[in-house]
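Just below is one structure, and these are the notes that go with it.
Throughout, read-outs are computed from the coordinates displayed, never taken from laboratory work. Note that this is a predicted model, so its numbers are computed, not measured. Using ideal geometry, Cβ is built from the backbone for each residue, glycine included, and neighbour counts are taken over all protein chains shown.
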Amino acid sequence: MENIVISIGGSVILSKDIDVQYYKKFAKLIEKFSKDYKIYIIVGGGKPARKYIQLGRKLGLNEKTLDDFGIIITRINAKLLTNIINTSNTKIPTTTNKAIKMRNKIIIMGGTTPGHSTDYVGSELASKTKSEKFIIATNVDGVYDKDPNKNNDAKQIKEITPEKLIKKYGISWKSAGSNVVIDGPALKEIQNNEILTYVLNGKKLAELEKVLQDKKFNGTVIKK
Ligand code: UTP
């Protein structure tokens with residue numbers, strides 16, 4: 001059975017309003033596709049992670065501690081999803097190796113170690129499991145030429161190579177809570193292992209479904 005890895009942003013899972021229907025639909029969609037694929041879901045930290053990191057930074061805590069705050073929040077978000085998605089794991093694995101050893105058809109986890117975001121964890125899982133697809137479900141419709149949350153004239157990019165993204169964003173981890181479209185360590189992993197990566201808006205479940213069905217979707221493909 002093929003593997004699929006989905007990295008879903010904390011901002012997608014925990015947005016301003018609590019949309020119960022969204023969680024139900026997301027759970028249903030994942031359960032449906034778990035008949036065809038083994039699915040790994042890595043959940044981000046979103047706003048609560050950034051709030052703790054901001055507070056800790058103001059209090060003078062070191063970067064590793066701040067990353068640890070973020071990791072704990074990602075695991076709480078993962079815990080939320082394991083409770084609403086049937087046949088998923090109940091214990092949240094703390095490393096990708098532990099996740100791979102789990103027998104559930106759907107495995108949900110958060111962060112692992114300091115120094116990167118959950119997108120990196122997803123890319124590591126995608127390369128270790130030789131996943132058919134690595135999907136980054138974020139809060140915008142894919143990769144843009146500039147931040148679409150700040151620039152009205154930002155243009156969506158349909159397809160791009162990892163090399164071009166690395167040229168623009170680099171491969172290093174900037175700091176705890178950094179909010180870039182894909183973090184540097186993940187880009188490096190995507191490039192080194194030629195991981196076929198799809199970036200889409202995780203709030204738009206129809207787009208996620210299209211990628212799972214190999215249909216044309218609204219978002220960005222990252223490939224060589
Ligand atoms: P996220 O992956 O959520 O980063 O991890 P993000 O960029 O805020 O993504 P969204 O908003 O969820 O889409 C939150 C923070 O937790 C730490 C990092 O500091 C990161 O910025 N973290 C996360 C780690 O240090 N290691 C991990 O494996 C995961």
Divide by every residue of the chain the summed helix terms, -39500 (n - 2.57) for each DSSP H run of at least 4, and state the resulting mean residue ellipticity at 222 nm, rounded to the nearest 500 deg cm²/dmol.
-12500 deg cm²/dmol
Rounded if a/c is under 1.5, else prolate if a/b beats b/c, else oblate: with a ≥ b ≥ c from the C-alpha gyration tensor eigenvalues square-rooted, which is the range 160-210?
oblate
Only bridges whose two residues both fall in the range 105-224 count here: according to DSSP, what percent of them are antiparallel, nearest 5?
35
Between the range 1-43 and the range 163-187, what's the alpha-carbon centroid distance in Å?
24
Relative contact order of the range 1-93: what whole-number percent is it, with Cα pairs under 8 angstrom and at least 6 residues apart?
35
Report for the chain the percent antiparallel among DSSP-assigned beta bridges with both residues inside it, nearest 5.
15
Please list, or write none, the lysines whose alpha carbon is within less than 16 Å of the alpha carbon of LYS64, excluding same-chain residues fewer than 8 places away.
LYS51, LYS174
Karplus 3J(HN,Hα) series, Hz, for the range 53-67 with 6.51 cos²θ - 1.76 cosθ + 1.60 (x for Gly, Pro):
5, 4, 4, x, 5, 5, 7, x, 6, 7, 4, 5, 4, 5, 4
Averaging sequence separations of C-alpha pairs under 8 Å and six or more residues apart, then dividing by the length of the chain, give the relative contact order as a whole percent.
23
R0 of 25 Å, Cβ-Cβ distance SER172-LYS98: FRET efficiency to nearest 0.05:
0.40
What shape does the range 1-44 have by the C-alpha gyration tensor, where a ≥ b ≥ c are the square roots of the eigenvalues, rounded means a/c under 1.5, and otherwise prolate means a/b greater than b/c and oblate the rest?
oblate
To make sure I understand, if each residue's beta carbon is the centre and we count other beta carbons within 10 Å, what order do GLU209, GLU163 fall in, fewest to most?
GLU163, GLU209
Return PHE26, PHE134 ranked ascending by Cβ neighbour count within 10 Å, so the fewest neighbours appear first.
PHE26, PHE134
